Amino acid sequence: MNDTPHACAVCWLNGRLVSPGEARVSVFDHGLLYGDGVFEGIRFYRRRPFKLEAHLDRMFDSARAIALDLPWSRADLADAVAMTVAAYDGDDGYLRLVATRGEGALGIDPRNCTNPSLFIIADRLSMVARETRERGVRLIIAATRRLSPDALDPRIKSLNYLNHILARIEANHAGADEAILLDAAGRVAEGTADNIFVVRCGRLLTPPPVEGALAGITRETVLELAHEAGVEAAEIPLAPYDLYTADECFLTGTGAELIPVAQVNGRRMGTCPGPTYLELARRFHTLVTG
Ligand SMILES: Cc1ncc(COP(=O)(O)O)c(C=O)c1O
């Protein structure tokens, strides 16, 4: 296995496959200058993109929400994804689809840009080492709050991740594996790139999206798997107290998949990995590889 960064990556840029070294966007692209753009992360298993339709729905909704007219149809995007996966040297991997406002004059006004840019990267992505996944991750609750929905609707998967990066820096400085962001009211929102679940007295609980978390596609999948497994689930606001006193806790996301949580701010979970996590992780693995 080659460990040079991006050595295995495949890139599709504005209509054609290019080598990672050639895959460049302009310094005048407003995606870079102002974070003006949207993205998706999609895993593929056995060369099949998982939940592609849901990801394309969210990508088009995010673009519409920021008034970014994508000059590609869903079929164009699906074809581009298929071309990128076919060119990738591996059965399993991660795709990053990014649509930016495109090149334009300096100045924030999106009317300065007339040609949106689209690129897709296929690469490997592992959020945590295998041993960390087995023993469970340590979380901190970050001082950095998630942007409130009236500042930026969390359903928009935009290129603005700076407050999540600040939370992650807090986790790094604290020697933790991941940070949880609270919303402006102090309720649990989500991780820096993942949603959060707790189990309490056999019930699976997760904060409602819209209020402060991305409506994660893995989150939705886990709720469906819980339903199939006969696990009672509820979307309710959670406080830090609910994390500290949980029987089990785990994170979900396309990059993360399912990751068990061992501790939150030094408080140990009841069990890690717990039985509910193990059952849902087993069902998730069967679903994605089935
Ligand atoms: C902030 C945030 N929350 C949650 C998630 C998980 O969403 P999904 O399961 O759709 O990947 C992500 C994924 O990138 C994210 O960036």
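Nothing in this text is a laboratory measurement; each read-out follows from the coordinates by a stated rule. Source: prediction; values computed, not measured. Every residue, glycine among them, receives a Cβ derived from its backbone with ideal geometry; neighbour counts consider all protein chains shown.
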#### Entry: Distance between modelled label sites at I236 and N14, nm, 7 Å Cα→Cβ extension
5.2 nm
### Task
Using just the alpha carbons, could you tell me how many Å³ per residue the convex hull of the range 10-123 encloses?
86 Å³
#### Entry: Space enclosed by the convex hull of the alpha-carbon atoms of the chain, per residue, Å³
134 Å³
### Taking all pairs of distinct alpha-carbon atoms in the range 214-290, Kirkwood radius in angstrom
13.1 Å
### Task
Measure off 7 Å from each Cα along the Cα-to-Cβ vector at I108 and H6, then give the distance between these two points in nanometres to one decimal.
2.9 nm
### Query
In the range 130-289, how does Rg compare with the Kirkwood Rh, expressed as the Rg/Rh ratio over alpha carbon atoms?
0.93
### Query
Once the Cα atoms of helix 74-87 and of the chain are each reduced to a long axis, what angle between those two axes, in degrees from 0 to 90 to the nearest 10, is obtained?
80 degrees
## Note on the structure
In Å, the Kirkwood hydrodynamic radius from C-alpha pairs for the range 13-66 sits at 13.4 Å
### Task
Go through H30, A65, G290 and say which Cα lies farthest out towards the positive end of the charge dipole of the chain; charges sit on Cβ, +1 for Lys and Arg, -1 for Asp and Glu.
G290
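So if each residue of separation counts as 0.36 nm, and I subtract the Cα-Cα distance between C201 and R130, what length gain in nm does that give?
Working: separation 71, 0.36 × 71 = 25.56 nm, distance 2.84 nm.
Once the chain is fully extended between C201 and R130, it gains 22.7 nm.
Taking 45 Å as R0, compute the FRET efficiency from the Cβ-Cβ separation of H227 and I169 and round it to 0.05.
After rounding to 0.05, the efficiency reads 0.75.
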### Task
Within the range 175-247, list the GluC sites (Glu not before Pro) lying in a DSSP loop whose Cβ has at most 15 other Cβ atoms in a 10 Å radius.
E232
### Query
How big is the gap, in Å, between the Cα center of the range 208-226 and the Cα center of the range 76-133?
22 Å
### Query
Can you give the Rg to Rh ratio of the range 117-218, both from alpha-carbon atoms, with Rh computed by the Kirkwood formula?
0.98
#### Entry: Contour minus Cα-Cα distance for S26 and V210 (0.36 nm per residue)
62.9 nm
